[in-house]
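Undergrad: First the structure, then my questions, so here it is.
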Amino acid sequence: MEARSKIRNASVAPRKARLVADLVRNQYVEDALSQLRFTHKAASPIIYKLIQSAAANAQYQDPNVDIAELYVKEIRVDEGVTRKWIRPRARGMANRILKRSSHITVVVDEESTENGE
């Protein structure tokens, strides 16, 4: 039984969020949460809350689901909107500043023992 949660326009660059997402992909939810708790990256608390939310969504959809059997089936980090502005520099020049954001989607699923999985 799949459950998902997503955040849009999270204020972390997609390139940096993908580093954290790769750490927890295909792990059990409990292992992923403990891994994220001790990871010192800006995207860690965001992904931590998303995985918690996806696990809560799974429990809400089916109260008989065992949290210990849930694993992170899919975690996807897509590029969101980019805020652009110009900062003045010396000799009349200007530098462009790009503040990137990301859309993060987490899908958790219950590991089944059927079909040899």
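Taken together, the values in this text are just the output of simple stated rules run on the coordinates, not laboratory data. Note that the coordinates shown come from a computational prediction; the quantities given were computed from them, not determined experimentally. A quick note on method: Cβ atoms are made from the backbone with ideal geometry, for glycine too, and the neighbour counts reach across all protein chains shown.
Undergrad: In straight Cα distance, which lysines are under 18 Å from Lys84, not counting same-chain residues fewer than 8 positions off?
TA: Result set, ordered by chain and number: Lys99.
Undergrad: A further question follows. Based solely on its DSSP helices, what 222 nm [θ] is calculated for the chain when runs of n ≥ 4 H residues each add -39,500 (n - 2.57) and the sum is averaged over all residues, nearest 500 deg cm²/dmol?
TA: That calculation yields -10000 deg cm²/dmol at 222 nm.
Undergrad: Also: Can you spot the lysines whose alpha carbon is less than 16 Å from Lys6's alpha carbon? Ignore those fewer than 8 places along the same chain.
TA: Leaving aside lysines fewer than 8 places away in the same chain, those within reach of Lys6 are Lys49, Lys73.
Undergrad: When we measure straight from the Cα of Lys16, which aspartates and glutamates land under 16 angstrom away, once same-chain ones fewer than 8 places off are left out?
TA: Within the straight-line cut-off, Lys16 pairs with Asp78, Glu79.
Undergrad: Right, something else. Arranged by the count of other C-beta atoms within 10 angstrom, fewest first, what order do His103, His40 take?
TA: By the 10 Å Cβ count, ascending, the order reads His40, His103.
Undergrad: Taking neighbour counts of Cβ atoms within 10 Å as a proxy for exposure, in what order, fewest first, do Ile75, Ile67, Ile46 appear?
TA: Ile67, Ile46, Ile75
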